[in-house]
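Working notes, structure below.
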Amino acid sequence: MSTSSDLSVRLVRNATVLVTVSETTFLVDPLFAAPGDLPPIQNTPNDRANPLVPLPDIELSYDAVVVTHRHPDHFDEAATEELDADVPLFCQPVEADAFVDDGFTDVRPVDDEVSFDGVTLYRTPGRHGHGQLAEEMGPVSGFIFEADKTLYLAGDTVWYDAVEQTLDRFEPDVVVLNGGEARFNHGEPITMGVEDIVAVRDATDGIVGVVHMEAINHCLLTRDELRSKTENVHVPEDGAQISF
């Protein structure tokens, strides 16, 4: 999705996206495994090996990497092997040592905000589910990418007060949400479903796009279902860069 030459987003697959802000491109949450190379997410209704679909045939050119959290559907062993060791890599502070252990030499944990090549990145809070399950899922983050225009990439979170506060604070031009309504056999969803996505759409004047769909076995909300139940929400196919 793109609003102008100053801001664009291309969905690669699942939560892997290319965000370009003022000519600087960030690769977010690289999942590079071939279909079926990863085991199913356990205790879920759809017991299939991951990823469910292949990477699209597109060029991956980027200046830096951003990882919202180290769950295997957001950063996998194949990414560790394929990324250059010296690529600037922005992450949660709590996970910085793990990237160093993986051999990356330019790890840049984001406590609050950092600048890179004319773009300011702000780390934002997320809640990966509800109640005790959210605690068990561990810390997750979103990121604001700010230059002439502002993009809010919410990461693996459900709709809650901190997401609304982020929208109010930054007034983003574009909002990218992780949908799919991922869930286990018990408990509430751990990523956004239709109601969460509609709540975000109604809370912002920005363009809303939804990724993180149809690639991992516990993401049960399909693109067609989301499209049929919402309006003014952009749901790209893998590999698509959508212009508005």
Practice item. Working only within region 88-103, note down all residues that are in a loop (DSSP other than H, G, I, E, B) and in contact (Cβ under 8 Å) with a residue 24 or more places away in the chain. Key: P88, Q92
Exercise for review: Output yes when any residue across region 43-51 is hydroxyl-bearing (S, T, Y) and at pLDDT 95 or above, and no when none is.
Suggested key: no
Study note, to complete from the structure: If we ask which residues in region 204-236 are open to solvent by 10 Å² or more (accessible area, probe 1.4 Å), closer than 24 Å to K149 by Cα and assigned to a loop (DSSP other than H, G, I, E, B), their number turns out to be 7
Point to revise | Residue that is nearest to V114 (Cα to Cα), among those in region 71-81 that are of a type outside the set (A, V, I, L, M, F, W, C) and surrounded by fewer than 19 Cβ atoms within 10 Å (Cβ to Cβ) | key: T80
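Quick grid of which residues meet (1) closer than 28 Å to D6 by Cα; (2) surrounded by 17 or more Cβ atoms within 10 Å (Cβ to Cβ):
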position: L55; (1), (2): yes, yes
position: V66; (1), (2): yes, yes
position: L83; (1), (2): yes, yes
position: D106; (1), (2): yes, no
position: Y122; (1), (2): yes, yes
position: H128; (1), (2): no, yes
position: G142; (1), (2): yes, yes
Review point. Can you tell me which residues in region 56-73 are assigned to a loop (DSSP other than H, G, I, E, B), out of contact with any Ser or Thr (no Cβ under 8 Å at 6 or more places or on another chain) and touching a residue at least 12 places away in the same chain (Cβ under 8 Å)?
Key: P56, D57, I58, L60, V67, R70, H71, P72, D73
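Yes or no, residue by residue, for (1) of a type in the set (V, I, T); (2) in contact (Cβ under 8 Å) with a residue 24 or more places away in the chain; (3) under 25 Å from P39 (Cα atoms):
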{"residue": "G180", "(1), (2), (3)": "no, yes, yes"}
{"residue": "P189", "(1), (2), (3)": "no, yes, yes"}
{"residue": "D205", "(1), (2), (3)": "no, yes, no"}
{"residue": "L220", "(1), (2), (3)": "no, yes, yes"}
{"residue": "R223", "(1), (2), (3)": "no, no, yes"}
{"residue": "L226", "(1), (2), (3)": "no, yes, no"}
{"residue": "K229", "(1), (2), (3)": "no, yes, no"}
{"residue": "V235", "(1), (2), (3)": "yes, yes, no"}
{"residue": "A240", "(1), (2), (3)": "no, yes, no"}
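The values are calculated or read from the model by the stated rules, or taken from the named source; none is laboratory data. Quick caveat, the model's predicted, so the values are computed rather than measured. Note: ideal-geometry Cβ built from the backbone for every residue, glycine included; neighbour counts use all protein chains shown. SASA here: full protein model, heavy atoms, side chains in, ligands and nucleic acids out. Shrake-Rupley method; radii C 1.70, N 1.55, O 1.52, S 1.80 Å.
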